[in-house]
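**Q** Please read through the structure below; I'll follow up with questions.
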Amino acid sequence: MGPSRRKLLLGVGAGLGVALTGVPALTSSASAATLKDGRWCNPARGHFPAGGHYGASRGGLPHAGQDVTNSVGTAVYAAAAGTVIRRGRNVLSGRSGNGLVISHGSGRYTYYGHLSVFRIGLNAKVSAGQRIADMGATGNVTGPHLHFETHSGGLGSTVNPVSYLAARGVDLGGGWSSINPGASGATVKVVQYLMTQRGRALTADGNYGSVSVSAVKKFQSSKGLVADGQVGPKTWAKLVYTIQRGSSGSHVRALQTALNKHSAGLAVDGGFGSATNSAVRSYQSVNRLVVDGQAGPKTWEALVG
């Protein structure tokens, strides 16, 4: 039998709360390894404020999500592909200010609260990493931040966003991602382009199958890393390049692919020209990174996180 259902009191912002039914399970029968499939990503960069964690007291009621603090206008991205089913003010009971709810299918939802600007419409289909809003301070808050929730088992059944995303290879708020064999999507293409630049000549098809896994394992072994095929923080740090305007090659294609995941709309041509330079600077600006046009480790970490 699965875990028993329980009632969870949810709070948000500076103290609102409602009673909802929650399902505490984070996963189905899939193993933790297969969850790191490249389908999820970090919704916003920032830090965790004191008392902003899941379950923190909000006037005697537990906080329903995780707060990620940064300045107004910081980019907010869809944590996974889905459909925007609610958009506006106070879109969930007990939540205040501008918010969005995205349905990811199979009873999974994410909520993004206290937004300053909406960048997509109601009923829009969104992809993982697509820019959907800007961080703000709308509603009952003490300062600008993203209030982020994950719901599993139905809308209202909240689970801890930090552990939910961690199980899927994502470090909420910022950090390198982790993807396992069997993953798919834009981040896999990034790996494949970078591996090609490293001399492994992979097809950038977005499928992390046996050929790509074998190449990654050989690369890991050559760098003195554990050759397990998982592209995580240590492998990313060895795999990426520091590149800037004038660079060309498959590592630039990797960069362009990563930027396009975040709505840049670039041609993936391998040339680091004016358009790519502008896209890098824009991405750095809205994610509160140093705006120098250079794709170094910090910019890569944000892009693939």
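The values are calculated or read from the model by the stated rules, or taken from the named source; none is laboratory data. Predicted model, so just to flag it, every value in this text is computed and none were measured. Heads up, the Cβs are rebuilt from the backbone with ideal geometry, glycines too, and the neighbour counts pull from every protein chain shown. Calculation scope for accessible area: heavy atoms of the full protein, side chains included, ligands and nucleic acids excluded. Shrake-Rupley method; radii C 1.70, N 1.55, O 1.52, S 1.80 Å.
**Q** Relative contact order for the chain: what is it in percent, counting Cα pairs under 8 Å that are at least 6 residues apart?
**A** Contact order relative to length: 17 percent.
**Q** So what is the accessible area of the chain per residue, in Å², with the probe set to 1.4 Å?
**A** Details: 11970 Å² over 305 residues.
Per-residue value: 39 Å².
**Q** Okay, moving on. How far apart, in nm, are the 7 Å Cα→Cβ label points at K218 and R281?
**A** Calculated label separation equals 4.0 nm.
**Q** Could you check how much of the accessible area of the chain is carbon and sulfur, as a whole percent, using a 1.4 Å probe? The partial results should precede the final answer.
**A** On the way: 5980 of 11970 Å².
Accessible surface attributable to carbon and sulfur in the chain totals 50 percent.
**Q** Here is a follow-up. Within 10 Å, count the other beta carbons around each residue, average over each peptide in 177-190, 108-121, and list them highest first.
**A** 177-190, 108-121
**Q** Taking H as built 1.01 Å from N, whose amide H comes closer than 5 Å to the amide H of G270, not counting residues under 5 places away?
**A** Amide H neighbours of G270, under 5 Å, 5+ apart: R253.
**Q** Another question, if that's okay. Using modelled amide H (1.01 Å from N, peptide plane; none on Pro or chain starts), what sits under 5 Å from the amide H of S177, excluding residues fewer than 5 places away?
**A** G305
**Q** Give, rounded to the nearest 20 debye, the magnitude of the charge dipole that the chain has about its Cα centre when Lys and Arg contribute +1 at Cβ and Asp and Glu contribute -1 at Cβ.
**A** 200 debye
**Q** Once the piece of chain linking A50 and V72 is laid out straight, how much longer is it, given 0.36 nm per residue of separation minus the C-alpha distance between them?
**A** 6.1 nm
**Q** Write down the Å³ per residue value for the convex hull defined by the alpha carbon atoms of the chain.
**A** 122 Å³
**Q** OK, next. Give the calculated FRET efficiency between I85 and K298 to the nearest 0.05, with a Förster radius of 35 Å applied to their Cβ-Cβ distance.
**A** Given R0 = 35 Å and the Cβ-Cβ separation, E is 0.55.
**Q** Let me ask something additional. For region 223-305, with equal point scatterers placed on the C-alpha atoms only and solvent neglected, what are the log10 I(q)/I(0) values from the Debye formula at q = 0.21, 0.24, 0.25 1/Å, to two decimals?
**A** -0.92, -1.15, -1.22
**Q** Please list, ordered by chain and number, the residues whose modelled amide H lies under 5 Å from the amide H of S263; skip anything fewer than 5 residues away on the same chain.
**A** R131
**Q** Which of the lysines could a cross-linker span from K223 if the Cα-Cα distance has to be under 17 Å and same-chain partners fewer than 8 positions apart are dropped?
**A** Straight-distance partners of K223: K234, K238.
**Q** Per-residue counts of other Cβ atoms within 10 Å, averaged by peptide: what ranking do you get for 232-245, 130-143, highest first?
**A** Averaged packing, sorted descending, gives the order 130-143, 232-245.
**Q** Where does each of 89-102, 280-293 land if you order them by average Cβ count within 10 Å, highest first?
**A** On the way: 89-102: 20.4, 280-293: 17.6.
Output ranking for 89-102, 280-293: 89-102, 280-293.
**Q** Net charge near A258, counting Lys/Arg +1 and Asp/Glu -1 over other residues with Cβ under 14 Å of its Cβ?
**A** Charge balance near A258 sits at +4.
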